[in-house]
Amino acid sequence: MSGADIGGLQTFPDALQGRDAWLDPFDWYAEMRENAPIRYDPTRQTWDVFRYEDVKTILANDDEQFSTSPRNIAGFQEPPEDEGFLLETMLLQDPPRHGELRSVVEGAFEPRSIRELEPRIRTLTAELIDEALVDANGELDVVDALAYPLPVIVIAELLGIPHDDRDQFKRWSDTIVRGADEDVDPEAFVQEQQQAGQEMAAYFLDQIERRRQQPQDDLLTTIATEEGESGQLSHREALGMCMLLLIAGNITTTHLITNAIRCFDEHDDDLFATLSDEDGSLSAAIEEVLRYRGSVQAMTRVPREDVELGGKQLEAGDGIVVWLGAANRDERQFPDADTFVPDRSPNQHLGFGHGIHYCLGAPLARLETRVVLDELLTRLSDITIAPDADLTPVRSSFIYGVESLPLRFER
Ligand code: HEM
């Protein structure tokens, strides 16, 4: 496992190799749910789990039978001291350390704290749209103009780091979540990932040192100086926390926004004209995007003990990929699962996970996505995806979205 690897989730299954396959993995999910709902893939040496009930059972038992920590994978090799900081984050830690780490930053992400950010997020969104419209000439790339910069500016402001460096943040984050597809030279891939991890760590080390000497009113200071329930975070934990928040806080939301626009564009009704923030229909539609085309399609787990699941015997130390995206299309849970139903209710999707690792940033991601879409829908009309748009999927084996999304519109 490379220093930056988050859970060994970096190799595409054979069926998802190639650009078009990752743009539309849903037929493969359907086939797997029916014919091989829990299967062992000898090439990746991992189990794949596709059905809603099985995925949810695993996530619900994170504190007992299953773990997110790659350290529990058989044969795991400890990275050098100056690499692999993400291993020390809440995402990849088990109780009790998981809860202690989460408690350090939890307050900042509670719905009440996040609600207070709405006016600032609206102002930033309006500024970004105005800026993009200057040269737009009826077309703009929603990734460049809005969906990437907005979440990264917001998380940078929360952490207290300058967002002028955001191109750098994007390069690091994209490299770290990149999947090893067939076009990738494995050695260069590992090296690039290590370098991105090291550069990011050096950046945050400097920022943390500054906060220890001169505390500010920001999340980095909390991370740098926390002496609460958890005691002071170790050096590796503090660095990992900053890296996790920066990575998790940006591209996932970028692609919830792009995925939403694709869902609205493809729908028979003119959703761009009818969805509204006022009556809650926009929020409901965003939940459906999280189900139908969520930006996180898969996560990993490891059994801590031998477990029987769906008639299969999983051994302690085996790798498991839980396919959230496949679970979210399971007909056993969602009637008409392959149809995008903007007002679907109930909608107990797993787009933000489930159980103790349930996404800490869910209220923030929902708010940012709602504000960006609301501002677009109110300020522009006749929105469509440019007919000649070349939809290139993000080359990550668990993040789902497109690299760019050119929109046409009237003002
Ligand atoms: C965890 C999805 C946005 C921070 C997770 C998990 C999922 C997820 C599926 C569970 C991982 C697991 O069980 O292994 C998403 C999606 C997002 C999003 C789809 C956007 C649409 C954010 C944002 C932040 C964030 C904006 C923070 C700024 C985290 C953290 C965890 C997490 C810290 C780990 C929680 C824990 O281990 O207790 N996210 N996320 N996420 N997410 Fe998000």
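Just so you know, all these numbers are worked out from the coordinates, no wet-lab data involved. Note that the coordinates shown come from a computational prediction; the quantities given were computed from them, not determined experimentally. Note that we place each Cβ from the backbone using ideal geometry, even for glycine, and neighbour counts take in every protein chain shown.
For region 198-215, in order, what is each residue's ³J(HN,Hα) by Karplus, 6.51 cos²θ - 1.76 cosθ + 1.60 with θ = phi - 60°, in whole Hz (x at glycine and Pro)?
Values per residue, Gly and Pro as x: 5, 5, 5, 5, 5, 4, 6, 4, 4, 5, 5, 4, 4, 5, 5, 7, 9, x Hz.
Tell me which residues come under 5 Å, amide H to amide H, from Thr11 once H is placed; ignore anything under 5 positions away on its chain.
Hits under the 5 Å cutoff: Ala180.
Have a look at the DSSP beta bridges in region 14-410 and tell me what percent are antiparallel, nearest 5.
Numbers: 21 of 24 bridges.
So the antiparallel bridges in region 14-410 amount to around 90 percent.
Any idea what the dipole of region 267-411 comes to, in debye rounded to 20, about its Cα centre with Lys/Arg Cβ at +1 and Asp/Glu Cβ at -1?
460
In terms of modelled amide H atoms, which long-range or inter-chain residues lie less than 5 Å from the amide H of Thr300?
Excluding prolines and chain starts, which carry no amide H, the hits are Val322.
Using modelled backbone amide H atoms (1.01 Å from N, in-plane), which distant-in-sequence or interchain residues come within less than 5 Å of Gln333's amide H?
Residues meeting the criterion, in which the H sits 1.01 Å from N, do not exist here.
Can you compute 3J(HN,Hα) from phi for each residue in region 35-47, using the Karplus curve 6.51 cos²θ - 1.76 cosθ + 1.60 with θ = phi - 60°, rounded to whole Hz and x for Gly and Pro?
Karplus-based 3J(HN,Hα) across region 35-47 equals 9, 8, x, 10, 9, 9, 9, x, 5, 8, 6, 8, 7 Hz.
What list of ³J(HN,Hα) values in whole Hz, one per residue of region 366-377 in order, does the Karplus curve 6.51 cos²θ - 1.76 cosθ + 1.60 (θ = phi - 60°) give from phi, with Gly and Pro shown as x?
Karplus-based 3J(HN,Hα) across region 366-377 equals 5, 5, 4, 5, 4, 5, 4, 5, 4, 5, 5, 5 Hz.
Could you tell me whether region 363-404 comes out rounded, prolate or oblate from its Cα gyration tensor? Rule is a ≥ b ≥ c as square roots of the eigenvalues, rounded for a/c under 1.5, then prolate if a/b exceeds b/c, otherwise oblate.
Numbers: a/c = 4.95, a/b = 1.16, b/c = 4.25.
Judged from the Cα gyration tensor, region 363-404 comes out oblate (a/c at least 1.5, b/c at or above a/b).
Give the residue from Ala74, Ser295, Val321 lying farthest towards the positive end of the charge dipole for region 14-410; charges sit on Cβ (+1 for Lys and Arg, -1 for Asp and Glu) and the dipole is referred to the Cα centre.
Of Ala74, Ser295, Val321, it is Ala74.
What's the center-to-center distance, using Cα atoms, between region 87-112 and region 216-274 in Å?
Each part reduced to its Cα centre gives a spacing of 13 Å.
If a paramagnetic tag sat 7 Å from the Cα of Ala202 along the Cα-Cβ line, which residues of region 239-264 would have the backbone N under 19 Å from that point?
Of the residues in region 239-264, 239-240, 242-244 have backbone N under 19 Å from the label point off Ala202.
So, R0 is 45 Å and r is the distance between the beta-carbons of Thr123 and Glu31; what FRET efficiency does that work out to, to 0.05?
Values: r = 47 Å, r/R0 = 1.03.
Efficiency at R0 = 45 Å is approximately 0.45.
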